[in-house]
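Single-structure report; data block below.
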Amino acid sequence: MDQNYAQYLIKKGIENYNLIAEDFSRTRQYAWLGFQSLAKYLKPNDNVLDLGCGNGRLLQIFQEIDINYTGVDNSEKLIEIAKKTHSNTTFLVADALHLPFPSDFFDKVYSVAVLHHIPSEELRLKFLAEAKRVLQPQGLLILTVWDLRQGRRLIRLKFFLKKVIGFSKLDFGDVFVPWAGKYQRYVHCFTKRELISVARKAGFQQKEVGGLGNNIYIVLTKT
């Protein structure tokens with residue numbers, strides 16, 4: 001993908017999530033079913049980064065563990081909502097490709113349903129490199145992406161055909177998923193194999209991979 005177009009998609013994504021923030025947050029009041037299992041990787045007093053935190057709903061799965069939590073998102077409106085909902089918690093507006101934290105700072109980084117919104121493999125590798133940078137040695141990145149093989153077949157076919165005939169700037173595997181029939185969200189349709197491959201290219205060691213409903217999760221170690 002042309003990198004100027006990739007940067008445009010990122011900027012447009014921020015604009016769209018700011019526009020839909022209130023409605024989006026209302027549909028994301030609770031952590032998705034089964035995601036509580038992802039808390040098993042935490043230990044008391046861990047420094048934890050929620051990378052792409054949205055309205056902060058992932059905090060629900062951490063309630064039983066005393067951790068030092070920081071949530072970041074590039075949507076100013078979602079961070080405003082997170083701060084109102086969780087007034088005694090640290091939330092920051094930040095670019096996941098240029099995180100405002102020192103290297104080797106966090107014990108664990110969680111990133112739920114974010115990587116598939118990053119356009120181009122080049123920027124996805126940069127996203128993973130930043131997550132790796134801020135992790136301590138042997139720290140864990142716990143990451144999920146949508147598994148769109150279980151649905152959206154017509155959308156995937158539509159964008160595949162547009163790419164084949166040369167009518168799309170997107171890469172193969174990319175689609176736009178509408179919100180309320182109006183706002184288009186860029187999504188890369190990961191397979192489990194591709195997710196494992198990009199994690200290895202980023203220099204992570206795979207610890208675990210599996211499915212959680214309509215999501216793929218992977219647990220990676222910084223070596």
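So how many residues does the stretch 36-52 have that are buried (at least 16 other Cβ atoms within 10 Å of the Cβ) and either modelled with pLDDT under 90 or not in a helix (DSSP H, G or I) (or both)? Of the residues in that region, 8 qualify. Scanning the stretch 1-35 for residues that are outside any helix (DSSP H, G or I), in contact with a helix residue (DSSP H, G or I) (Cβ under 9 Å, 6 or more places away or on another chain) and within 13 Å of GLY54 (Cα to Cα) turns up ARG28, GLN29, TYR30, ALA31. Of the listed requirements (1) aliphatic (A, V, I, L, M); (2) touching a Phe, Trp or Tyr at 6+ places or on another chain (Cβ under 9 Å); (3) in contact (Cβ under 8 Å) with a residue 24 or more places away in the chain; (4) within 30 Å of ARG26 (Cα to Cα), ILE155 misses just one: (3). Within the stretch 82-117, if we keep just the residues that are at pLDDT below 95 and out of contact with any strand residue (DSSP E or B) (no Cβ under 9 Å at 6 or more places or on another chain), the residue that is surrounded by the fewest Cβ atoms within 10 Å (Cβ to Cβ) turns out to be ASN88.
Which ones in the stretch 160-193 are of a type outside the set (A, V, I, L, M, F, W, C), in contact with a strand residue (DSSP E or B) (Cβ under 9 Å, 6 or more places away or on another chain) and more than 16 Å from MET1 (Cα to Cα)?
PRO178, GLN184, ARG185, THR191, LYS192
Taken over the stretch 210-221, the criterion of being in contact with a helix residue (DSSP H, G or I) (Cβ under 8 Å, 6 or more places away or on another chain), modelled with pLDDT of 95 or more and not hydrophobic (A, V, I, L, M, F, W, C) is satisfied by TYR217 alone.
So, of the residues in the stretch 53-78 that are assigned to a loop (DSSP other than H, G, I, E, B) and among the polar types (S, T, N, Q), which turns out to be surrounded by the most Cβ atoms within 10 Å (Cβ to Cβ)? Ranking the qualifying residues of the stretch 53-78, first place goes to ASN55.
To keep it simple, each residue is scored yes or no on (1) farther than 20 Å from PHE190 by Cβ; (2) over 18 Å from the mean Cα position of the chain (by Cα).
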| residue | (1), (2) |
| --- | --- |
| LYS12 | yes, no |
| ILE20 | yes, no |
| GLY52 | no, no |
| SER87 | yes, yes |
| THR90 | yes, yes |
| SER111 | no, no |
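Of all residues in the stretch 167-209, those that are modelled with pLDDT under 90 and out of contact with any helix residue (DSSP H, G or I) (no Cβ under 8 Å at 6 or more places or on another chain) total 4.
Among the residues of the stretch 128-161, those identified as outside any strand (DSSP E or B), at pLDDT 85 or above and touching a Ser or Thr at 6+ places or on another chain (Cβ under 8 Å) are ALA131, ARG133, VAL134, PHE159. Of all residues in the stretch 175-223, those being among the charged types (D, E, K, R), part of a strand (DSSP E or B) and within 16 Å of the chain's Cα centre (by Cα) number 1. Pairing each residue of the stretch 180-196 that is over 22 Å from GLY213 (Cβ atoms) with any residue that is at pLDDT below 95 and not in a helix (DSSP H, G or I), provided the two are 6+ apart or on different chains, yields C-beta distances under 7 Å for GLN184/PHE176; GLN184/PRO178.
The values are calculated or read from the model by the stated rules, or taken from the named source; none is laboratory data. Predicted model, so just to flag it, every value in this text is computed and none were measured. Positions of Cβ are backbone-derived with ideal geometry, glycine not excepted, and every protein chain shown enters the neighbour counts.
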